[in-house]
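K.L.:
Pasting in a structure now, in structure tokens, and then I'll have a few things to ask.
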Amino acid sequence: MPEVVITTDRTMMSDHHGKEFLGFVATGPAIGLPEGLWLWISSPKPKILGDGVPLEAPYGLRKVEASLIKNGIDAKIIDPDYLGKYAEETKVLMVGHHDFFAYGPPSNEWWLITGREPINRISFAKLMESEPVRRMKKNGTKIIAGGPAAWQWLYEPDKWKRWGVDTVVDGEAEKVIPSLVRKALKGEELPSYLYVGVKDVPLLDEIPEIVKPSVNGLVEIMRGCPRGCMFCSVTLRPLRHIPIEKVEREILVNVRAGIKRGLLHSEDVLLYGADGVKPKEEPVIKLHEMALKHVEELAWSHASLAAIRYAQEKYKLISKIMEMVKTKQDFLGVEVGLETGGIELAKKIMPAKSAPYPVESWHETVEEAFKIMHENDIIPAVTLIIGLPEETEKDLLQTIELLDRLKQYRSLIVPMMFVPMGALKNKEFYRREMMTDLHIEVLYKTYQHSIFWAKDILKKYYLKSLLQFPLRGLLEFFIWYVERKVDSFSEELPILSKEGATT
Amino acid sequence: MSDSGKSISYRAALLLDKGKTIPQSLALRLLQEARRSGFRLELVTISEEDPPRQVTLLLPLITANHSVTISIQSKKANSKEDLERLLSNGNFDIIYAEKNFIENLGEILTKTAIKVIPYNGEVAEKDA
């Protein structure tokens, strides 16, 4: 039995049917479907190897596991359904999450719009209140929570106390976690909260390589981001490019375990090996050649619109990469950040988002990048933030104009309400009472855009194998249901009627 | 702090009054001292509050920080003797005490012979 058990709830411990994007379904409440079915769509139970050890586990948990193992600590990731087997022996229980309490985007907007708790929040609470976790706590197990959503515990002190969480770790944990866990194993007093600052962030050679497979073959190619957008926490981290040999070794950990998918993780995949914000052709091509040598299917986590435009204009790099990718698959999925169409707002909160192009030409950069992706079968899930500090009516009108220009390009645009993170973490959360008519119009436009293109994507690209037909049917039903629901209430909102709308 | 060896840090005790956060000025001062001491801040908070709530009373510090490693150890002091023991054995560089502590427990604080700086706490906003 391991001394240290690492786990998370079902919404995270899943391969999401091999489609990372489906994991986002768990950020909403069950809509038009029973909760169990909703959870199955987003987060089916992963393959279990025995004794509750999942074949694939979230990459962040794998990094923590690797760090502990490297330091001689007996640690294992266990599926949440099997914690009972470990309840008597576990000395330290570590829980990680992207969104413990659904305060992060996009969970908080589905919660705000529907007025109902998202599934990820419900699922995490179920884990912490489960019999095995309660039994562990009764037996004196120390509980350490962490991950990108660690900050959310600061707004839930009652649950923090009730669930007996001893320490919350906020930040890159690989370097600090072994000593913290050793303290816990020795029964020494633990800090209640630990924020990892610049002196304790791991250097490149201190980042351990995963030793077991990650969900959907996700591997990190970079850490940090040079763009410095004020609403983003990643940008506060020092920028590190992971050497290609290290990336390859992690891909091979996945491939040898039978995970033939690869997901290159970076805040901006095209900046791999770049100097500053201008993509370079050679490192990006080499990275893709290496990855495609090993995997049968490839995806990107994030790319920036400016890098997409620059890479194509300068090197025809997007076409070259997609020519390689299309030897294996029909399309490539990625998340990109549009964030705002407001030029003045962009100057204040994300002045380098459009670099190397001037921020004044942000609309042109966005549209050009959308066009390049559309023509090259890259399907982006695009984030757009409303309620940013200092946002004006003019910013929202410019956002609406930009959304109109983007209508013709295949993409899913996901609106998000401002959550105070990064350099803006001392600002106020966006709340329902802050919603204006223009916010509603932005939301409605993104809804119309995304529903139109979701149908197209499902028809031409997504879930095409026979085995995936039931899932595809459920998603088609969901789209149908949402359209009916939105149609019924949009008639009651003057801003969305033909007379009231700005278009 | 890390496995990479012994590190220097600024170590302070914070005596928190129930339901009162620290002021922004104190948060900035702590961060300034920490940056001068290897970008590491070790805080021991002492209050009648439960440990998680003690951490939330430091939100002005946590939200103002982007670069300093902050470790917060929260302790409940149930009696004057508890408080005296915690302060005397804590190896602190300094003690920051909410003014109510100074008024009620000045004698204990004097006994510890550690520099004590008073501050005015601010009533915490309701939780999210």
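The values are calculated or read from the model by the stated rules, or taken from the named source; none is laboratory data. These figures come from a predicted structure and were not determined experimentally. A quick note on method: Cβ atoms are made from the backbone with ideal geometry, for glycine too, and the neighbour counts reach across all protein chains shown. In case anyone asks, the SASA skips ligands and DNA or RNA and just uses the protein heavy atoms, side chains included. Shrake-Rupley method; radii C 1.70, N 1.55, O 1.52, S 1.80 Å.
K.L.:
Could you check how much of the accessible area of the protein assembly as shown is carbon and sulfur, as a whole percent, using a 1.4 Å probe? Provide the component values of the computation, followed by the final result.
P.N.:
Details: 13520 of 25800 Å².
On the protein assembly as shown, the fraction of accessible area on carbon and sulfur atoms equals 52 percent.
K.L.:
Could you compute how fast segment A:114-199 diffuses translationally, taking Rh as the Kirkwood radius over C-alpha pairs and applying Stokes-Einstein at 4 °C with viscosity 1.567 mPa s? Give it in µm² per second. Provide the component values of the computation, followed by the final result.
P.N.:
Details: Rh = 14.1 Å.
Estimated diffusion coefficient is 92 µm²/s.
K.L.:
Using only helices, what value at 222 nm comes out for chain A when you add -39,500 (n - 2.57) per DSSP H run of length 4 or more and divide by the total residues, to the nearest 500 deg cm²/dmol? All intermediate terms of the calculation are to be shown ahead of the outcome.
P.N.:
On the way: 16 runs with 189 residues, N = 503.
So the helix-based figure for chain A works out to -11500 deg cm²/dmol.
K.L.:
Using 14 Å as the cut-off for backbone N distance, which residues of segment A:385-406 belong to the label zone defined by a point 7 Å from the Cα of A:K371 along Cα→Cβ?
P.N.:
From segment A:385-406, the list is A:405-406.
K.L.:
At 7 Å along Cα-to-Cβ for each site, give me the label-to-label distance between B:S67 and A:D158 in nm.
P.N.:
Simple spin-label model gives 3.9 nm for this pair.
K.L.:
A:K485 versus A:E364, label points 7 Å from Cα toward the beta carbon: distance in nm?
P.N.:
Output for this residue pair reads 4.2 nm.
K.L.:
Then there is this: Can you tell me how much longer the chain between A:L467 and A:L185 gets when fully stretched, taken as 0.36 nm per residue apart minus their C-alpha distance, in nm with one decimal? Could you put the intermediate results ahead of the total?
P.N.:
On the way: separation 282, 0.36 × 282 = 101.52 nm, distance 4.57 nm.
Net length gain for the segment: 97.0 nm.
K.L.:
Another one. Helix-only estimate, please: 222 nm mean residue ellipticity of chain B, summing -39500 (n - 2.57) across DSSP H runs of length 4 or more and dividing by its residues, to the nearest 500. Before the final figure, lay out each step's value.
P.N.:
Details: 5 runs with 48 residues, N = 128.
When only DSSP H runs of four or more count, the value is -11000 deg cm²/dmol.
K.L.:
Could you give the spread of the C-alpha atoms of segment A:1-147 along their three principal axes, from largest to smallest, in whole angstroms?
P.N.:
On the principal axes, segment A:1-147 reaches 46, 32, 23 Å in Cα extent.
K.L.:
When the label point is put 7 Å from the Cα of B:K80 along its Cα-to-beta-carbon vector, which residues of segment B:14-28 have a backbone N closer than 20 Å?
P.N.:
It comes to B:15-18, nothing else.
K.L.:
Filter the cross-link list A:K328/A:K485; A:K353/A:K394; A:K293/A:K314; A:K85/A:K293; A:K63/A:K161; A:K76/A:K326 down to pairs whose alpha-carbon distance in this structure exceeds 30 Å. Present the calculation step by step, with values, prior to reporting the outcome.
P.N.:
On the way: A:K328/A:K485 38 Å; A:K353/A:K394 19 Å; A:K293/A:K314 26 Å; A:K85/A:K293 40 Å; A:K63/A:K161 27 Å; A:K76/A:K326 37 Å.
Beyond 30 Å: A:K328/A:K485; A:K85/A:K293; A:K76/A:K326.
K.L.:
Name the residues of segment A:193-237 whose accessible area, probed at 1.4 Å, falls by at least 30 Å² once all protein chains are in place instead of their chain on its own?
P.N.:
Checking the loss per residue gives A:Y193, A:L194, A:Y195, A:V198, A:K199, A:D200, A:L236.
K.L.:
Going through segment A:446-491, which GluC sites (Glu not before Pro) have at most 10 other Cβ atoms within 10 Å and a DSSP loop state? List each step's numbers first, then the result.
P.N.:
Details: sites: A:E476, A:E483, A:E491; in loops: A:E491.
Answer by residue number: A:E491.
K.L.:
What FRET efficiency comes out for A:D456 versus A:K246 if R0 is 51 angstrom and r is the Cβ-Cβ distance? Round to the nearest 0.05. Let's see the in-between values first.
P.N.:
Numbers: r = 38 Å, r/R0 = 0.75.
Here the calculated transfer efficiency is 0.85.
K.L.:
Below 8 Å between Cα atoms, with a sequence gap of 6+, how large is the relative contact order for segment A:235-347 in percent? Could you put the intermediate results ahead of the total?
P.N.:
Values: 133 pairs, mean separation 28.2, N = 113.
Value for segment A:235-347: 25 percent.
K.L.:
What percent does the relative contact order of chain B come to when contacts are Cα pairs within less than 8 Å and at least six residues apart? All intermediate terms of the calculation are to be shown ahead of the outcome.
P.N.:
Details: 220 pairs, mean separation 41.4, N = 128.
Value for chain B: 32 percent.
K.L.:
Give A:K280/A:K460; A:K183/B:K111; A:K159/B:K76 a once-over and call out the pairs whose C-alpha atoms are over 23 Å from each other.
P.N.:
Details: A:K280/A:K460 32 Å; A:K183/B:K111 31 Å; A:K159/B:K76 18 Å.
Where the Cα-Cα span goes over 23 Å, the pairs concerned are A:K280/A:K460; A:K183/B:K111.
K.L.:
Find how many whole Å separate the alpha carbon centroid of segment A:252-296 from the alpha carbon centroid of segment B:94-118.
P.N.:
Cα centroid of segment B:94-118 versus Cα centroid of segment A:252-296: 57 Å apart.
K.L.:
Rounded to the nearest 20 Debye, what is the dipole magnitude of the protein assembly as shown about its Cα centre when Lys and Arg each give +1 and Asp and Glu each give -1 at the C-beta? Display every interim value, and only then the final one.
P.N.:
On the way: 84 positive and 88 negative charges, 252 e Å.
For this selection, approximately 1220 debye.
K.L.:
List the residues of segment A:148-172 for which accessible area in the full set of protein chains is at least 50 Å² lower than for the chain on its own; 1.4 Å probe, protein heavy atoms only.
P.N.:
Those residues are A:L154, A:Y155, A:P157, A:K161.
K.L.:
With contacts defined as alpha carbon pairs under 8 Å and 6 or more residues apart, what's the relative contact order of chain A in percent? Don't skip to the answer; put the middle values down first.
P.N.:
Details: 918 pairs, mean separation 57.5, N = 503.
Normalised by residue count, the contact order of chain A is 11 percent.
K.L.:
Right, something else. So how many Å³ per residue does the convex hull of the Cα atoms of segment B:2-76 work out to? Could you put the intermediate results ahead of the total?
P.N.:
Working: hull volume 6.3 nm³, N = 75.
Output value, Cα hull per residue: 85 Å³.
K.L.:
Sketch the reach of a paramagnetic label on B:I8 as a point 7 Å from Cα along Cα-to-Cβ, and name the residues of segment A:162-197 whose backbone nitrogen lies under 15 Å away.
P.N.:
none
K.L.:
To the nearest 0.05, what FRET efficiency results for B:S88 and A:L112 with a Förster distance of 41 Å applied to their C-beta separation?
P.N.:
On the way: r = 50 Å, r/R0 = 1.21.
It comes out at approximately 0.25.
K.L.:
Leaving out ligands and nucleic acids, and using a 1.4 Å probe, what accessible area per residue does segment B:21-128 come to in Å²?
P.N.:
Working: 5070 Å² over 108 residues.
Value returned for segment B:21-128: 47 Å² of accessible area per residue.
K.L.:
What does the accessible area per residue of segment A:47-93 come to in Å², with a 1.4 Å probe and no ligands, DNA or RNA counted? Present the calculation step by step, with values, prior to reporting the outcome.
P.N.:
Numbers: 1790 Å² over 47 residues.
That works out to 38 Å² for each residue.
K.L.:
Could I ask something else about it? Pairing the Cα long axis of helix A:119-128 with the longest principal axis of chain A, what angle in degrees results, from 0 to 90 and rounded to the nearest 10?
P.N.:
10 degrees
K.L.:
Let me ask something additional. Using the alpha-carbon atoms, what tilt in degrees (0 to 90, nearest 10) does helix A:59-70 show relative to the longest principal axis of chain A?
P.N.:
The answer is roughly 30 degrees.
K.L.:
How many angstrom separate the Cα center of segment A:354-394 from the Cα center of segment A:125-152?
P.N.:
Their Cα centres are 40 Å away from one another.
K.L.:
Given a 1.4 Å probe and no ligands, DNA or RNA in the count, how much accessible surface is buried by B and A, both sides, to the nearest 100 Å²? If you can, show how the numbers build up before the last one.
P.N.:
Details: alone 7350 and 21050 Å², together 25800 Å².
Buried surface at the B/A interface: approximately 2600 Å².
K.L.:
What is the helix-to-structure angle for A:362-375, meaning the angle in degrees between its Cα long axis and the longest Cα principal axis of chain A, kept from 0 to 90 and rounded to the nearest 10?
P.N.:
It is inclined by approximately 80 degrees.
K.L.:
Okay, moving on. Which semi-axis lengths, in whole Å and largest first, follow from the square roots of five times the eigenvalues of the Cα gyration tensor of chain A? Walk me through the numbers before you get to the answer.
P.N.:
Values: eigenvalues 244, 143, 108 Å².
So the equivalent ellipsoid measures 35, 27, 23 Å along its semi-axes.
K.L.:
For segment A:340-444, which trypsin sites (Lys or Arg not before Pro) pass both filters: DSSP loop (anything but H, G, I, E, B) and at most 14 other C-beta atoms within 10 Å? Working shown, then result.
P.N.:
Numbers: sites: A:K347, A:K348, A:K353, A:K371, A:K394, A:R405, A:K407, A:R410, A:K425, A:K427, A:R431, A:R432; in loops: A:K353, A:K407, A:R410, A:K425, A:K427, A:R431.
Answer by residue number: A:K407, A:R431.
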